[in-house]
Amino acid sequence: MTDAAHTVVIGLGNPLMADDGIGLVALERLAGDWDLGDGIELVDGGTWGMNLLPLLEASDDVIFLDAIRTGAAPGTVVTLEREELPRGLMLKMSPHQIDLREVLALLALRGTLPARLVALGIAPDRVEMSTALSAVAEAALPALLQRVTALLAERGHHCQPRSAAPCTS
């Protein structure tokens with residue numbers, strides 16, 4: 001195992017829209033249930049949009065946690081590597097409609113896209129006004145957390161569950 005660099009883990013989504021808030025729930029559980037050691041920064045990115053730009057430009061290693069629609073069945077754990085992440089500038093009716101796609105497009109245009117960038121998430125079942133995750137998304141959370149901690153370990157970070165019992169997927 002090599003010395004770990006600084007890794008930023010950013011939870012994304014809207015906690016008022018059911019499974020759209022999965023990234024924030026996963027971030028909270030990661031912070032509460034895992035001993036992550038040094039070198040990992042957990043950030044609640046919520047719906048920050050362009051406000052994420054300075055943080056991302058200052059980072060070389062970023063993991064996004066989010067609800068990810070790829071056409072996969074709801075509850076599927078999804079991984080999108082750096083080159084697979086959609087980015088583009090699109091016509092907006094309001095500056096409040098900025099999403100990660102535009103942020104990544106600007107980073108690419110500025111030549112500041114982080115070298116290591118991956119999005120991990122769960123294919124959502126419900127995206128509607130609710131503060132509760134669907135049963136499908138809730139059931140997929142342990143597998144997502146195992147994937148995140150495995151990736152962090154691959155990158156040289158210490159990741160250990162806080163409970164005595166091992167986590168299962």
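Taking only the alpha carbons of the range 7-161, we obtain Rg and Dmax values of 14.8, 45 Å in that order. If the chain linking Ala150 and Glu28 were pulled fully straight, counting 0.36 nm for each residue of separation and taking away their Cα-Cα distance, it would gain 42.2 nm. Only helices enter the 222 nm calculation for the chain: every DSSP H run of n ≥ 4 contributes -39,500 (n - 2.57), and dividing by all residues gives -9000 deg cm²/dmol, rounded to 500. Take 60-68, 136-144 and order them by the average number of nearby Cβ atoms within 10 Å per residue, most first; the result is 60-68, 136-144. Once C-alpha pairs closer than 8 Å and six or more residues apart are averaged by separation and normalised to the residue number of the chain, the relative contact order reads 33 percent.
Between Arg162 and Ala135, the contour length at 0.36 nm per residue exceeds the Cα-Cα span by 7.3 nm. For the chain, the antiparallel share of DSSP beta bridges with both residues in that region comes to about 30%.
Values in this text are rule-based calculations from the coordinates and carry no lab data. What you are looking at is a predicted structure, and each value in this text was computed from that prediction instead of being measured. Backbone-built Cβ (ideal geometry, glycine too); neighbour counts: all protein chains shown.
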